[in-house]
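Following: one structure in C-alpha cells, then a few remarks.
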Amino acid sequence: MTYIGAIGAAQQEAMSADPRVIIIGEDVEANVYGTTGGGKQRAEQGDFVQQFGKNRIRNTPISEEAIVGTAIGAAMTGLRPIVDLSYSSFLYMAMDQFVNQAAKNRYMFGGQSSIPVVFRSAMFYGLNTGAHHSDRPYPMFMNVPGLKIMAPASAYDAKGLLRSAIDSDDPVLTFEAVPLWGAKEEVPDEEYRIPFGVARTRREGCDVTVVGVSGSLPLALQAAEDMAARGVSCEVIDPRTLVPLDTGTIVRSVLKTGRLVIAEPAHRTCGAAAEIAAVVADKAQHALVAPIKRVCALNMQVPFSPALEAQIYPTRERIVAAIEAVCADQLNAENRRVG
C-alpha cells in the first residue's frame, strides 16, 4: 500500500468503527490528494461521502483558525474530529487555537475536558511550491506542552500511528512528508496500532547511529547502504513520533556505537535534531568517540527555483559525508589496512 493510501485506510477504519469520528477541512469531499477516497485512491477505498455522508465528511471555509477552533469545540463536546489542513505551512494561521486552546484546554478546565482531535498536514517541501507552501514546522510545535507530534516515514507506520492518534484523548498533530506519499510498503489489512513514543530500528549496526526523521529516513537508509560497502556498520533509527520522543532507544544505540548522526528536513536551529543531540549529550556523552553531526535544511527561506531548492535539504550525499566525518578514524584505519 502507498503511504497516502495507508492514511486513507486508517481514516476509513476509524470512521467505520466509531460514529463519533468525523473529517473536516478544505475540499475533503472531493479531495484531490485522495485521503478521503478522492483522487487516485477512489478506486481502492471508494468515496467517503458515499460511505459516511456529508454530516461526517464536511467541507469548510478557507479559514484555518475557524477550522481548528471548530474541531477543538467539537472534540470537547464528544466528537473525535480528523482535520485535514493540507499544507503544513497553513498551520501558522491558527497558531492561537493550537497553542492557547488545543494544547491548554484540558489544563485550563482542570482535567474536566479532553481534546480528542487529530490535525493532519502535509509537508510539500522539495516540490517547488514556494516559500509559503514548503515549510516543515513540526519543531516549533514540539515546544508546546499538551500536543502530541507524529512524523511517520513509511506506509506501515502512517496507518498504525494514525489509528493510535484517532484513539487518543489528546490533540495530535501529524506531519506527512509529501515526497513519501507514493512510497509503498506491506500494510496489514486487519486493524493494528502503533503506540506513541516507540522508535523503530530500521537497520541494525554497531559503528554509528543514524537517526532519520520523516522524509530523511529513506535517505539515511540509502547512506547506510553506501557506508556498508566501505565497512561501516550503521544502525538506522526512525523516531516515528517526536512528542513523545523515544530517547531511550536512541541513547541505547549511541551507547553501543559511540557515534551519532541525525538527519531531518526541518531547519537546523532548534529542530528535532537539536533536541535529540542535546539528549544524547546529556545521557551518553561518556560513550561518544566523535562529535555529534546534524544534517538539516539550511536556515533560509525556500526558493522557488527547483535548482536552488534542491540544495537546502538533506541528501544522501550529505548524510554520507556526516557519517564519514564521525567515522574518520575507522575509515582511515581501513584504508591503511587495505593499502
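The values are calculated or read from the model by the stated rules, or taken from the named source; none is laboratory data. Remember, it's a predicted structure, so these values are computed and weren't measured experimentally. No Cβ is skipped: glycine too gets one built from the backbone with ideal geometry, and neighbour counts run over all protein chains shown. These accessible areas exclude ligands, DNA and RNA; they are computed on the full protein's heavy atoms, side chains included. Shrake-Rupley method; radii C 1.70, N 1.55, O 1.52, S 1.80 Å.
Quick notes on this structure:
- Any hit, region 181-192, residues being hydroxyl-bearing (Ser, Thr, Tyr), without any contact (Cβ under 8 Å) to a residue 60 or more places away in the chain and surrounded by fewer than 18 Cβ atoms within 10 Å (Cβ to Cβ): yes
- Any hit, region 262-278, residues being of a type in the set (Gly, Ala, Ser), at pLDDT 95 or above, touching a helix residue (DSSP H, G or I) at 6+ places or on another chain (Cβ under 7 Å) and more than 26 Å from Tyr125 (Cα to Cα): no
- In region 51-64, the residues that are closer than 19 Å to Ser86 by Cβ form Cβ pairs under 7 Å with partners that are open to solvent by 100 Å² or more (accessible area, probe 1.4 Å), at six or more places apart or across chains, as follows: Glu64/Met93.
- When Val172 is tested against (1) open to solvent by less than 40 Å² (accessible area, probe 1.4 Å); (2) without any contact (Cβ under 8 Å) to a residue 24 or more places away in the chain, exactly one condition is not met: (2).
- When region 87-109 is filtered for residues that are open to solvent by 30 Å² or more (accessible area, probe 1.4 Å) and either farther than 22 Å from Tyr33 by Cα or touching a residue at least 60 places away in the same chain (Cβ under 8 Å) (or both), the ones remaining, listed by number, are Met95, Asp96, Gln97, Val99, Asn100, Gln101, Lys104, Arg106, Tyr107, Met108, Phe109.
- Selection count where residues are out of contact with any Pro (no Cβ under 8 Å at 6 or more places or on another chain), assigned to a loop (DSSP other than H, G, I, E, B) and farther than 24 Å from Thr36 by Cα, scope region 138-160: 3
- Residues of region 280-319 that are touching a residue at least 40 places away in the same chain (Cβ under 8 Å), open to solvent by less than 20 Å² (accessible area, probe 1.4 Å) and aliphatic (A, V, I, L, M): Val295, Ala297, Val302, Ile319.
- A count restricted to region 258-279 and to residues that are open to solvent by less than 10 Å² (accessible area, probe 1.4 Å) and either farther than 23 Å from Tyr138 by Cβ or in a loop (DSSP other than H, G, I, E, B) (or both) stands at 2.
- Pro116 meets each of the listed conditions (1) modelled with pLDDT under 95; (2) over 30 Å from Pro218 (Cβ atoms) apart from (1).
- Inter-residue pairs, beta-carbon under 6 Å, first free of Cβ contacts under 8 Å to residues at least 40 places away in the same chain and in region 243-271, second of a type in the set (S, T, N, Q) and open to solvent by 50 Å² or more (accessible area, probe 1.4 Å), 6+ apart: Arg268/Asn299; Thr269/Asn299
- Residues that are open to solvent by less than 10 Å² (accessible area, probe 1.4 Å) and within 19 Å of Ala155 (Cα to Cα) were ranked within region 32-53; the one that is modelled with the lowest pLDDT is Gly38.
- One residue stands out among those in region 216-245 that are surrounded by fewer than 20 Cβ atoms within 10 Å (Cβ to Cβ) and of a type in the set (D, E, K, R): the one that is farthest from the chain's Cα centre (by Cα), which is Arg230.
- Residues in region 222-252 that are part of a loop (DSSP other than H, G, I, E, B) and of a type outside the set (D, E, K, R) were compared, and the one that is farthest from Ile323 (Cα to Cα) is Pro244.
- Met123 vs. criteria at pLDDT 95 or above, aliphatic (A, V, I, L, M) and surrounded by fewer than 21 Cβ atoms within 10 Å (Cβ to Cβ): no
- Qualifying residues in region 199-214 (those that are open to solvent by less than 10 Å² (accessible area, probe 1.4 Å) and not in a loop (DSSP other than H, G, I, E, B)) - the one farthest from Ala287 (Cα to Cα): Ser214
- Qualifying residue in region 72-86 (condition: among the hydroxyl-bearing types (Ser, Thr, Tyr), under 27 Å from Glu13 (Cβ atoms), in contact (Cβ under 8 Å) with a residue 24 or more places away in the chain and open to solvent by less than 30 Å² (accessible area, probe 1.4 Å)): yes
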